[in-house]
Amino acid sequence: MPQKGRPIRILVVENNSKDFKLLQKSLTTAAIKRAETVDQAVETLADQNFDLIFLHLPVADNSGLQAFEKLRNKSGNTSVIICCDKNNLELARQMIHEGAQEYVLKEKIDQDTLSRIVYCSMERAQYHERIRKSEEFYRGGSDAEQKRTAEKLHFQSAVLENITDGVFITDADNKVVFWNKACVEIFGYPENEMIGKEPSVLSVDSNDGTDMSNIVRRMDTYGSFNAVVRRRTNEGRIIWIDLKVTYNYDADRTKTGMIFVTRDVTDIQDEEHLLKLFQSVILNTNDAVVIIDATSSPKEAAQKIVFVNEAFRQTTGYRPDEIIGKTLFTLSGPLTDEKEMRRIHEAMLRWESFEGELLYYRKDSSTFWVNITLMPVSDQSGRFTHWVFILRNITEEKNADEQLRDQNDALTKTNRELDRFVYSASHDLRAPLTSVLGLVSLMRRESFGEDAGIYLDKIHESIHRLDRLIQN
């Protein structure tokens, strides 16, 4: 623990200089030293002592729990805080189960959050150290040492009462005998309502694996019990808690009950659920989804693809390992509209969303049309980190439109030809009719008798009807 008057000494294991500067800016009162790799951190720990270690995931020179195990083996009881993104949450939780004090999401790093986490971690470390020393005193033989131990146990009780984690203790009959202030805040039950009750009153699902028989079995096998489970508050609200359970012992190392340490992680669980929901949508949608790294400038034509879904493979023929690390220019070809490509590039320069249509090329060189939608994605600080492209295959629609245009063109051509035919037929038919009408007029001037005049009238009327029909 830091001596009074000196700053907290923190060792940061981080190979990203931007993230390190962000951490450094948020912890202005601490003495911070950086190690870019776990091996460098181990070397530094050989020469210096630190109050806290910040381990950023992922680390370059070690994978999985190896990084944490190396640090723990060298740092002893120094508190370790894990900094990670959402992709490494499960690994961070494993490290907490192995002894890390806390974890924090990188996108949520700010001065207030870090100050709180550092304070809580130091508080828990101090508490565990006092318990360790009190056990040493208690195992001594003198009355003076036992008195000092009693005083320290009283102090520890005060620490338990005010620690920021929810802590409650049960007796051998599984009845709550201690319920601290944080438990009141987390679960909403006053101390007097929980003393004497079983922890199961908080349960939501009796089959969630936290029944007493399963907890005992796990603790007898592994020494402790760790789980993230749902619990019901006094107001009926369902929350997620990070639950850790260990046995409580008396001076003779006889089990007297259990110690439950809880933390409300509802916000994190909700974010994970939402993330899984988004992942499910992206993975199962029929539209091709492409995610591109936006950390390089849009002026650079080499912004790389970092993710494609299964629909992309089905649409383009490219497997993820064949396209990740490349650019969308891979899908362009001779018939791809360069003007539309420039519009996309200009939208990216302005960090704006875009929608349009493009002709792309599959892996087998065949073409297909897509409705392309792109949008920038930012982190919580407002910094743009990725571009999301959604490619909807509209080849069938485009082909149908083209067929309709072809049919319209053919129909228009037919109509024009028909008009020409009608005009020609009308002209060709009316010319002899006109001649016949002229002959009828001449015949009227001759004297053929009364009956002939009647016949000529009928011929004249019939020819006029035929002429009107042709005109119409």
Checklist line | Accessible surface of segment 278-405, 1.4 Å probe, proportion on carbon and sulfur as whole % | finding: 51
Next item on the list: Kindly flag which residue pairs out of K18/K326; K106/K255; K33/K106 have an alpha-carbon separation exceeding 29 Å in this structure.
Entry: K106/K255
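Report the local net charge at K398: Lys and Arg +1, Asp and Glu -1, summed over other residues whose C-beta lies under 11 Å from its C-beta.
-4
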Next item on the list: Please work out whether segment 295-376 counts as rounded, prolate or oblate from its C-alpha gyration tensor, where a ≥ b ≥ c are the square roots of the eigenvalues and a/c under 1.5 means rounded, while otherwise a/b larger than b/c means prolate and anything else oblate?
Entry: oblate
Check: Accessible surface of D364 in the full protein assembly, 1.4 angstrom probe, to the nearest 10 Å²?
Finding: 110
Next item on the list: When a/c is below 1.5 the answer is rounded, else prolate if a/b is larger than b/c, else oblate, so apply that to segment 169-270 with a ≥ b ≥ c taken from the square roots of the Cα gyration tensor eigenvalues.
Entry: oblate
Note to self: Suppose accessible area is computed on protein heavy atoms with a 1.4 Å probe; arrange S79, S206 from highest to lowest.
What the structure shows: S206, S79
Margin query: Please list, in order along segment 6-13, the HN-Hα scalar couplings obtained from phi with the Karplus expression 6.51 cos²θ - 1.76 cosθ + 1.60 (θ = phi - 60°), rounded to whole Hz, x for Gly and Pro.
Written below: 9, x, 5, 9, 10, 9, 10, 9
Checklist line | Anisotropy class of segment 14-85 from Cα gyration tensor, a/c 1.5 cut | finding: oblate
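What net charge do the residues around V308 carry, taking every other residue with its C-beta under 15 Å from that of V308, with Lys and Arg at +1 and Asp and Glu at -1? Can you show the working numbers first?
On the way: positive: K304, R313, R319, K326, R362, K363, R392; negative: D287, D293, E310, D321, E322.
Net of charged neighbours comes to +2.
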Check: If you rank Y189, Y360 by how much accessible surface each has, with a 1.4 Å probe, what is the order from largest down?
Finding: Y189, Y360
Notebook entry, point to check: Largest first, what is the accessible-area ranking of R237, R232 with a 1.4 Å probe?
Noted result: R237, R232
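Can you give the net charge of the other residues whose Cβ lies under 13 Å from the Cβ of E352, counting K and R as +1 and D and E as -1? It would help to have the intermediate numbers written out before the result.
Numbers: positive: R343, R350; negative: E346, E355.
Once all neighbours under 13 Å are counted, the net charge is 0.
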Check: Just the accessible area for E355, please: 1.4 Å probe, Å², rounded to the nearest 10?
Finding: 120
Check: Given the protein chains as shown and a 1.4 Å probe, how many square angstrom of T28 are accessible, to the nearest 10?
Finding: 100
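The values are calculated or read from the model by the stated rules, or taken from the named source; none is laboratory data. These numbers were taken from a predicted model, which means no experiment stands behind them. Reconstructed Cβ throughout: ideal geometry from the backbone, glycine too, with neighbour counts over all protein chains shown. Heavy atoms of the whole protein, side chains included, go into the accessibility calculation; ligands, DNA and RNA do not. Shrake-Rupley method; radii C 1.70, N 1.55, O 1.52, S 1.80 Å.
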